[in-house]
Amino acid sequence: MRDFTWHVFKQTGDIEAYLLYREMHNLGAAELGHAPGTEEDEGNVADEE
């Protein structure tokens, strides 16, 4: 389902599809024991100085 919402977002640019994709990603991360919104590829604000 997450891949489908990403595909819809890529094809249409629909922000609702992206938000649904992120919500499902965060829920999946929570099930695996990771804190929501902490991804390696998102970068660290402290690194942007």
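The values are calculated or read from the model by the stated rules, or taken from the named source; none is laboratory data. Model, not experiment: these values are computed from the prediction. Here Cβ is always computed from backbone atoms with ideal geometry, including for glycine, and neighbour counts include all displayed protein chains.
Here are the numbers for this structure:
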quantity	calculated
Filter result (surrounded by 13 or more Cβ atoms within 10 Å (Cβ to Cβ) and touching a Phe, Trp or Tyr at 6+ places or on another chain (Cβ under 9 Å)) within the stretch 1-24	Arg2, Thr5, Trp6, Val8, Phe9, Ala17, Tyr18, Leu20, Tyr21
Residues that are at pLDDT 75 or above and either surrounded by 13 or more Cβ atoms within 10 Å (Cβ to Cβ) or touching a strand residue (DSSP E or B) at 6+ places or on another chain (Cβ under 8 Å) (or both), drawn from the stretch 25-49	His25, Asn26, Ala29
